[in-house]
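Just so you know, all these numbers are worked out from the coordinates, no wet-lab data involved. Bear in mind the structure is a predicted one, so any value in this text is a computation, not a measurement. A quick note on method: Cβ atoms are made from the backbone with ideal geometry, for glycine too, and the neighbour counts reach across all protein chains shown.
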Amino acid sequence: MDDNKIKIPRHIAIICDGNGRWAKKKGFPRTFGHRAGTKPIESITKKCFELGVEVLTFYVFSTENWSRSDEKVNFLMKIFGEFFIKLRSKAGENIRVKHIGTTNNLSSELINEIRKTENLTENNSGMILNIALNYGGRSEIANAAKNMMYDIDGGNLNAYKINEELISNYMFASGLPDVDLIIRTSGEMRISNFLLWQSAKAKLWFTNDP
Ligand code: IPE
Ligand code: IPE
Ligand code: MG
């Protein structure tokens with residue numbers, strides 16, 4: 001192998017954090033930072049696509065983030081709806097957009113926008129862009145365990161067949177390579193329940209304060 005050749009991670013996962021503090025620092029309301037946060041997602045996606053990254057995952061809303069005030073949550077949900085509409089442009093760029101997380105508590109309008117974007121891009125094969133919205137790593141593992149038990153009960157799975165690969169296939173986004181690199185913006189050094197199963201061997205990178 002050519003040692004000078006840069007090894008491109010197959011799966012990069014980014015925890016999008018610090019938007020509120022970034023805006024405050026600039027003298028804007030926190031919501032300005034949340035809206036502005038969708039722009040770098042697009043430019044990073046473009047760059048990763050050019051570099052040949054296979055999967056790029058952005059964490060934009062955790063299952064714990066519901067503890068924020070209704071007003072804050074509603075604003076974020078509005079932005080996410082607009083963002084999924086914007087992501088339809090990926091249909092022409094060979095990028096497949098997927099939602100990971102549950103649809104529990106999401107509005108039917110938002111679910112509709114998500115599904116439309118997923119359907120429109122489902123045949124694209126250049127790169128997978130996962131948006132982790134209403135996502136929690138523990139809930140994903142619990143959900144996988146539940147579905148395995150259903151399959152065992154229904155006679156479709158033999159408990160002796162359970163191994164790491166099979167468990168991976170019960171995760172929200174099955175069949176994806178493990179995460180090679182997790183990046184968290186904002187200066188906070190924590191994982192916040194993100195891709196707990198898939199990041200077992202991931203490298204971690206934390207950027208400085210916003
Ligand atoms: C990150 O922005 C995006 C979400 C969690 C929705 P924050 O709202 O967490 O902004 P900071 O981290 O407080 O600056
Ligand atoms: C949530 O981060 C994950 C996302 C940034 C989507 P935390 O649970 O740490 O929430 P805040 O940003 O610190 O409030
Ligand atoms: Mg935060």
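Summary table below
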read-out: Spacing of the two label points (7 Å from each Cα toward its C-beta) at Glu165 and Ile183, in nm; value: 3.2
read-out: For Leu181, distant residues with modelled amide H under 5 Å away; value: His11, Ala13, Lys203
read-out: With at most 12 other Cβ atoms within 10 Å, longest stretch of the chain clear of loop trypsin sites (Lys or Arg not before Pro) (DSSP); value: 27-189
read-out: Diffusion coefficient, µm² s⁻¹, Stokes-Einstein with Kirkwood Rh over alpha-carbon pairs of the chain at 37 °C and 0.692 mPa s; value: 180
read-out: Size of electric dipole in the chain: Cβ of Lys, Arg +1 and of Asp, Glu -1, about Cα centre, debye, nearest 20; value: 820
read-out: Positive-end residue, the stretch 109-161 charge dipole about Cα centroid, Cβ charges, pick of Met127, Leu110, Asn158; value: Asn158
